[in-house]
Amino acid sequence: MSGNTVQAIQEAGVVGAGGAGFPTHVKLSSKAECVIINGAECEPLLRVDQQLMKDRAKDLHQGLTHIMDAVGASRGVIALKAKYSEAIKELMATKGDSRVEIFQMGDFYPAGDEQVMVQEVTGRSVPEAGIPLQVNCIVNNVETVLNVADALAGLPVVDTWLTVTGKVSKPFTAKVPIGTSIRYVLAMAGVQENPGLAVIEGGPMMGKLIPDWDTPVTKTTKGLIVLPVEHALIRMRQANIDIFLRKARSLCMQCARCSELCPRNLLGHRIKPHRTMRSMAYARNDMAAVKSALLCSECGACEYACPMDLSPRQINKRIKAELGKAGIKYQGDGSDPKAANNKDDRKIPVKRLIIRLGLKDYDQPAPVQEIPLTNKVKINLRQHVGIPCQPLVQEGDLVQRGQVIGEIPAGKLGARVHASIDGIVREQKNDSILIEATE
């Protein structure tokens, strides 16, 4: 059965819906003792995962048990925040497999970091620069597990669920065909492009700025946050790295608060952002501190911690890019990390984080609603970790929703893509396929 499950997942093009898009069929080709569904949704303002857990609780259980059987797991955990009471109620009411448990977490950031979650659920810290599989765990996002359940029913990944929020009149959560333009989705929230607004794709902490509103929605799009261009979160993303370096040299007072609140440091990893800042600011030859930037998850907790509004995260990001170009990887010593005894005292309360980020006015419900289907989609041929798909269609071809239009060559890492609407292929490029609905 496990082989059939993995094959069905591969055919459906399932990838990690809440992160970088790692192909799920590859992830589930391993064996693990514990499968964890990441339902923490710790990024402020986003609502999609908690709503999916409430509305599709039965399907979530089915997807989880399929994954557990595929990897030989004896324990399945749905980890979510205790405040998601409606979701917990539905999950408890539909739970049938005795191997599955509901794990309730506190309302802190970053509860959704998979390594933080593994430590919370199992008490084990993932090794430095490692993955949960090294402690016999596999972690999957809520929508990923639902897509697994759909794949076993013969349904490919053609839609994604996302929350639209921020400076919009009526925030909402909706199912959107993959390839729909961000411009179209925002228009459904009454937002038109203008010089005074900017859009973050993802959460306010780790999401990226979208300079082009015609960018298409992908399998990994989970949120669109509209903010005024003068908002601190937008200015932070628009700032040049040289600005961060200059501020580090002139303002960093080595208080070490960034290190004290760093989630990976609290897991026992040898990352000390304040040491990295010191090394970069004063050109000290502290290679251990510089290389430790490779352990950074880029969660941004250091920015919350810094009393001088500095960004060790951006410095680490720059270092990671440079070390990556040089082919330098972090080399741990294989030791078992020991989490800090006071880690629970240093968790960042989400309510306080929202205020610190200047988002209190935007912390509003985003009820599920249907939006009209778009008549045009642009399907990116790379929506996943790995190589781009090879197109299987040409300009002028008629395609149907759910039809495979991009395939991964045998033996290569990636995930196939499907048409998300019925229509005709208007344009086929090396990186995308444009489909327009026919009347």
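The values are calculated or read from the model by the stated rules, or taken from the named source; none is laboratory data. Please read these numbers as outputs of a predicted model, since none were measured by experiment. Note: ideal-geometry Cβ built from the backbone for every residue, glycine included; neighbour counts use all protein chains shown. Only protein heavy atoms, including side chains, enter the accessible area calculation; ligands, DNA and RNA are left aside. Shrake-Rupley method; radii C 1.70, N 1.55, O 1.52, S 1.80 Å.
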**OP:** Go over the candidates GLN331, GLN314 one by one and state the one that is surrounded by fewer than 18 Cβ atoms within 10 Å (Cβ to Cβ), polar (S, T, N, Q) and at pLDDT below 95.
**Re:** GLN331
**OP:** Return the total of residues in segment 220-233 being touching a Ser or Thr at 6+ places or on another chain (Cβ under 9 Å) and open to solvent by less than 10 Å² (accessible area, probe 1.4 Å).
**Re:** 5
**OP:** Just give me the residues in segment 54-90 being of a type in the set (A, V, I, L, M), within 26 Å of GLU43 (Cα to Cα), out of contact with any Ser or Thr (no Cβ under 9 Å at 6 or more places or on another chain) and open to solvent by less than 10 Å² (accessible area, probe 1.4 Å), in sequence order.
**Re:** LEU64, ILE78, ALA79, LEU80, ALA87
**OP:** Assess whether ALA93 counts as being among the aliphatic types (A, V, I, L, M) and either surrounded by 21 or more Cβ atoms within 10 Å (Cβ to Cβ) or within 21 Å of the chain's Cα centre (by Cα) (or both).
**Re:** no
**OP:** Looking only at segment 8-20, count how many residues are surrounded by fewer than 24 Cβ atoms within 10 Å (Cβ to Cβ) and at pLDDT 95 or above.
**Re:** 3
Subject >> From the options SER74, SER85, residue that is among the hydroxyl-bearing types (Ser, Thr, Tyr) and in contact with an Asp or Glu (Cβ under 7 Å, 6 or more places away or on another chain) >> reply: SER74
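Quick one: is THR218 at pLDDT 95 or above and farther than 24 Å from GLY358 by Cα?
yes
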**OP:** List the number of the failed condition for ASP107; all other conditions in (1) modelled with pLDDT of 95 or more; (2) open to solvent by less than 10 Å² (accessible area, probe 1.4 Å); (3) out of contact with any Ser or Thr (no Cβ under 9 Å at 6 or more places or on another chain) hold.
**Re:** (2)
**OP:** Scan segment 1-33 for residues that are in contact (Cβ under 8 Å) with a residue 40 or more places away in the chain, of a type outside the set (Lys, Arg) and part of a helix (DSSP H, G or I) and jot them down.
**Re:** SER2, THR5, VAL6, ALA8, ILE9, GLN10, GLU11, ALA12, THR24, HIS25, VAL26
Subject >> Selected residue (criterion: nearest to SER432 (Cα to Cα)) from residues of segment 172-190 that are open to solvent by less than 10 Å² (accessible area, probe 1.4 Å) and of a type outside the set (A, V, I, L, M) >> reply: GLY179
Original post:
Given the conditions (1) of a type in the set (D, E, K, R); (2) under 21 Å from the mean Cα position of the chain (by Cα); (3) open to solvent by 10 Å² or more (accessible area, probe 1.4 Å), which single one is not true for GLU143?
Top reply: (3)
Subject >> Whichever residue in segment 409-439 is free of Cβ contacts under 8 Å to residues at least 40 places away in the same chain and in a loop (DSSP other than H, G, I, E, B) and, among such residues, is least open to solvent (accessible area, probe 1.4 Å) >> reply: PRO409
**OP:** Please state which one of ASP69, ASP55 is among the acidic types (Asp, Glu), over 23 Å from the mean Cα position of the chain (by Cα) and at pLDDT 95 or above.
**Re:** ASP69
**OP:** Go through segment 248-277 and count every residue that is at negative phi, open to solvent by less than 70 Å² (accessible area, probe 1.4 Å) and not aliphatic (A, V, I, L, M).
**Re:** 12
**OP:** Scan the helices (runs of 4 or more DSSP H) fully inside segment 270-368 and keep the ones with 1 or more residues being of a type in the set (Val, Ile, Thr).
**Re:** 273-282, 287-291, 312-325, 350-356
Subject >> Checking ILE387 against (1) outside any loop (DSSP other than H, G, I, E, B); (2) open to solvent by less than 70 Å² (accessible area, probe 1.4 Å); (3) without any contact (Cβ under 8 Å) to a residue 60 or more places away in the chain, the condition it does not meet >> reply: (1)
**OP:** Determine, yes or no, whether LYS170 is modelled with pLDDT under 95 and either charged (D, E, K, R) or more than 24 Å from ALA20 (Cα to Cα) (or both).
**Re:** yes
Original post:
Looking at segment 90-208, what strands (runs of 3 or more DSSP E) fall wholly within it and have at least 1 residues that are over 20 Å from ALA32 (Cα atoms)?
Top reply: 100-105, 159-166, 172-177, 197-201
Original post:
If you go through segment 209-219 one residue at a time, how many are open to solvent by less than 20 Å² (accessible area, probe 1.4 Å) and not in a loop (DSSP other than H, G, I, E, B)?
Top reply: 1
